[in-house]
Amino acid sequence: MKLLVCISKTPDTTAKISFINDNTTFNTEGVQYIMNPYDEWYALVKALEIKEKAGGTVTLIHVGPKNNETIIRKGLAIGADDAIRIDKDPVDSLDVATQIANAVQDENYDIIFTGKETIEFNNSEVGSMLSELLQLPFVSYATKMDVQDNLARLTRDAGGHEEQVEVTLPILVSASKGLAEQRIPNMRGIMMAKSKALKVVEPVSVESRSEIIAFETPELRSSCTLVDPENMDELVRLLHEEAKVI
Amino acid sequence: MSVLVYAEQNEGVCRKPAFEAVTFARHTADLLGTNCIALTIGNPSNASELGSYGATEVRNISLGWSHFDNLVYAKAIADMAGEVNANVVVLGHSGQGRALAGRLAIRLQAGLVSAVNSLPELVENLIVRKSVYSGKAIASVMVKSPRSVFTIQGNSIPPAKKGTPVEVVEANVTLEESQIKVQTLASESGAISLPDAELVVSGGRGFKGPENWGILEELAEALGAATACSRPVADSGWRPHHEHVGQTGVAIRPNLYIAIGISGAIQHLGGVNNSKTIVVINKDPEAPFFKAADYGVVGDLFEVVPRLTEAVKKHKSG
C-alpha cells in the first residue's frame, strides 16, 4: 500500500492573531508554528494504522520553505517513512494543490490523505482541488476508515448525519476528528527521523486567482451583563426583549 | 453571463442553506447586471420556491440521480455552468459544497473563496469577506480571475425574499454513473444539525460526567436548540465528537450560544465567537469566557440550568 499524507503548517492553536502593514499581513512575531492538527492527529495516524495492517510506505508531502522542515521531521518522528518538500512558500490553496498534483501525478499512490481543513484559513479547499487535478474519488470529512485489499469502507460526516461509503482505491480522503487517535513521537522515533529521506522538489509556476486584501479582528463584546442566578426569568426576558434571540 | 447557484436539498427539500446561497447569488447577479439561475439535483419538492428568493430560472437534474458523489456532481454542475455561460458559481459551505467547490474551481479555472459570510461588493472585481484563523479574524478577499466560485457560510446571510416561485425546468445535463457506494446512516430523529442551528446549548467539564447531561438536554429541548460540547468532554467520550465545537471541532455562528460549565479556553472561543449572543453559566467568576459573553450567570450549573429551563418553558407557554 502506497500512502501519501499532505501536511500543512499553521500557527499554534494558542497563538495571538494580529496584523501589520495596515492590516494586510499576518504578524508572525512571537508566533509558534505547528503541523496542522487535522493533518497530524488524524490523517497521518490513520495512514500509519493502514500501513501497520497492510504493509507499505507512508510518505509526507509539504509545500513550504526550508524553515518548515521542523514539522516534516515531526511527522517522520511520528512514523512516516520519507518525505517530499516542494520548495515554495505557497500563496493559496490552488498553489498548494497544483504543486502537490504536479509532484505526485506519476507516483500512483493508493490513498492520499489531507486534513479536513487547516485551522488557519478553514477553507477545506486543497483536498477537493487535488482530487480534481488527479481525477480521484474524494471522500471528505472521514470519521472512520477501514481498508481491505483495494476496497475502502469509510464513514463520513455529511453535516448532521453520517454516511457509509464504499469505494475502490485509489482515493483521496480528508480526515476529520475521530478518524484516529493522536500519537506523540517517542525518543526512538525522533532519532530515526533524522536519517529518513527528505526529497526537495522545485515548484511549478501557478497563477493566483484570488487575493486577501485586508484583515480585521472581530469587535470585542462591550461588556458582560451579569444576571442573578436566582432569577432566570430575568435572563429569559433579556434574551427575548434585548438580544431578541428567543 | 450569469450567476449559477447550486441549491442543495436535504431529505428531498431545499432548506435554509439553499435559500441563503440563492440570496447571495441574486445579490451578485444584481451587482453584475445579470441573471441568477438555480440548479437542483434530484427534484426537491419545493424547488420552485427558489424563485421567491430571486432565482429567475430553476433547472433540475433528475437523470441518473442516486446519491451524492462529488466527482459526478462537480462534472454536472460545471457542464451546467458552461451551458448557461456562468461566470459566478455559488454553493453552500456545507459538506457537499466544500467537497464540490475545489473541483469546480479547477474545472472552471475560477477563483475560489470559501465560507463567505457577507454579501459581495463590486470594486472592479468581486470582493467578499470570510472568517479566518478559526474565527479570530476576518479577511476581505478579492477574486482576480474572470470566473469565481463562492461557498456561503451558514447563518451569515439571512435569506431574503424577492420575486415569486418559478417553474422548474429539467436541465439538459445528466449525471454520470457513480463509482462509489453510499449508505445513509440513520440520523437521530428530531436532532437539530449543529452547524445550521440558530440556538445552541453547550456543556463542558463542569458537568462532571456524561450521566449529568439530562439537564442540558432538557434546556435544549425547551428552547428547540442543538446540543454541543467542549473538547475535553468529547475527548473523554462523554459526548460524540461531532458535538465538539471549537478550533479543532465544528465552528458555529448561531444566534444564541449558551455555554455551561465551560471555562472558555482560546481554542474554544475561536469556534464560537461569531455567535450573535453568548450566555455563560459558570460557578467560577474568573472564568475567561465571561470576557467574551453578553450575559453571564455566576452560579452552580446544577441549580441554574433547571431554573433556566423552567423560565424558558414559562416564557414559551406565556
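Any read-out appearing in this document is the output of simple, stated calculations on the displayed coordinates, not a laboratory observation. Predicted model, so just to flag it, every value in this text is computed and none were measured. FYI the Cβ positions are ideal-geometry reconstructions off the backbone, even for glycines, and counts take in every protein chain you see.
Within straight cross-link reach of residue A:16, meaning Cα distance under 14 Å, which aspartates and glutamates are found once same-chain residues fewer than 8 apart are removed?
A:29, A:120, A:216
Considering Cα pairs under 8 angstrom that are at least six residues apart, work out the relative contact order of chain A and quote it in whole percent.
The normalised contact order for chain A reaches 24 percent.
Which lysines does residue B:181 reach when only Cα atoms under 16 Å apart count, and residues fewer than 8 places away in its own chain are ignored?
List returned: A:144.
What is the angle, in °, between the Cα long axis of helix B:214-223 and the longest principal axis of the Cα atoms in chain B? Nearest 10 is fine, range 0 to 90.
Value to nearest ten degrees: 50.
List the trypsin sites (Lys or Arg not before Pro) in the range B:144-250 that DSSP assigns to loop (not H, G, I, E or B) and whose Cβ has at most 16 other Cβ atoms within 10 Å. Which are they?
B:144, B:161, B:162, B:208
Report the relative contact order of the range B:2-170, percent, no decimals, based on alpha-carbon pairs under 8 angstrom and at least 6 residues apart.
About 30 percent, as a whole number.
Which far-off residues, 5 or more places away or on another chain, put their amide H under 5 Å from the one on residue B:228, with H placed in the peptide plane?
Those lying under 5 Å, H to H, from residue B:228 are B:201, B:202, B:203.
So if I place +1 on the C-beta of Lys and Arg and -1 on the C-beta of Asp and Glu, and nothing else carries charge, what would the dipole magnitude of the range A:2-216 be about its Cα centre? I want it in debye, nearest 20.
In total the dipole reaches around 880 debye.
Using per-residue counts of other Cβ atoms within 10 Å, averaged over each peptide, order B:99-107, A:64-72, A:6-14, A:192-200 from highest down.
For the peptides B:99-107, A:64-72, A:6-14, A:192-200, the packing ranking is B:99-107, A:6-14, A:64-72, A:192-200.
Apply the Karplus curve 6.51 cos²θ - 1.76 cosθ + 1.60, θ = phi - 60°, to the phi angles in the range B:63-73 and return the couplings in whole Hz, x for Gly and Pro.
Result, rounded to whole Hz: 5, x, 6, 9, 10, 6, 9, 4, 5, 5, 5.
To the nearest 20 Debye, how big is the dipole of the protein assembly as shown about its Cα centre, given +1 on the beta carbon of each Lys and Arg and -1 on that of each Asp and Glu?
Magnitude of the dipole: close to 740 debye.
Say the dipole of chain B comes from +1 at the beta carbon of Lys and Arg and -1 at that of Asp and Glu; which of B:230, B:52, B:4 then lies farthest toward its positive end?
B:230
Tell me which residues come under 5 Å, amide H to amide H, from residue B:35 once H is placed; ignore anything under 5 positions away on its chain.
Correct list: B:3.
For residue A:88, what charge total do you get from the other residues with a beta carbon under 9 Å from its beta carbon, if Lys and Arg give +1 and Asp and Glu give -1?
-4
Averaged across A:239-245, how many Cβ atoms of other chains sit within 10 Å of each residue's Cβ atom?
Mean partner shielding for this stretch: 6.
Tell me which aspartates and glutamates have Cα within less than 15 Å of residue B:16's Cα, excluding those fewer than 8 residues away on the same chain?
B:8, B:49, B:196, B:198
Calculate how steeply helix A:45-54 sits against the longest principal axis of the alpha-carbon atoms of chain A, using the helix alpha-carbon long axis, and give the answer as 0 to 90 degrees to the nearest 10.
Long axis of A:45-54 versus the principal axis of chain A: about 30 degrees.
Using the Karplus equation 6.51 cos²θ - 1.76 cosθ + 1.60 (θ = phi - 60°), what ³J(HN,Hα) coupling, rounded to whole Hz, does each residue of the range B:198-208 give in order, writing x for Gly and Pro?
8, 10, 9, 10, 10, x, x, 4, x, 6, 6
Counting only other chains, what is the mean number of Cβ atoms within 10 angstrom of the Cβ of each residue in peptide B:268-280?
Per residue, the average neighbour count from other chains is 3.
Give the relative contact order (percent, whole number) for the range B:194-317; include only Cα pairs under 8 Å separated by 6+ residues.
24 percent.
Rounded to the nearest 20 debye, what is the charge dipole size of the range B:2-170 about its Cα centre when +1 sits on each Lys and Arg Cβ and -1 on each Asp and Glu Cβ?
I would put it at about 580 debye.
For the protein assembly as shown, with the dipole built from +1 on Lys and Arg beta-carbon atoms and -1 on Asp and Glu ones, taken about the Cα centre, which of A:91, A:236, B:80 lies farthest toward the positive end?
A:91
Please tell me which of these pairs span more than 30 angstrom C-alpha to C-alpha: A:51/A:74; A:74/B:283; A:244/B:208; A:74/B:276; A:53/A:194?
Pairs exceeding 30 Å: A:74/B:283; A:244/B:208; A:74/B:276.
What residue among B:254, B:25, B:114 has its Cα farthest toward the positive end of the dipole of the protein assembly as shown, where the charges are +1 on Lys, Arg and -1 on Asp, Glu, each on the Cβ?
B:114
Counting only helical runs of four or more DSSP H residues, what would the 222 nm mean residue ellipticity of chain A come to if each run contributes -39,500 (n - 2.57) and the total is spread over all its residues?
My calculation for chain A gives -6000 deg cm²/dmol from helical runs alone.
If amide H atoms are built 1.01 Å from N in the plane of the peptide, which residues on other chains or at least 5 residues away come under 5 Å of the amide H of residue B:251?
B:246
Which distance in Å, rounded to a whole number, links the C-alpha centroids of the range B:34-73 and the range A:17-39?
The two parts, judged by their Cα centres, are 40 Å apart.
Step through the residues of the range B:94-105 one at a time and calculate ³J(HN,Hα) from phi using the Karplus curve (6.51 cos²θ - 1.76 cosθ + 1.60, θ = phi - 60°), rounding each to whole Hz and writing x for Gly and Pro.
9, x, 5, x, 5, 6, 7, 4, x, 4, 5, 4
Measure out, as a whole number of angstrom, how far apart the alpha-carbon centroids of the range B:241-257 and the range B:150-218 sit.
That distance is 13 Å.
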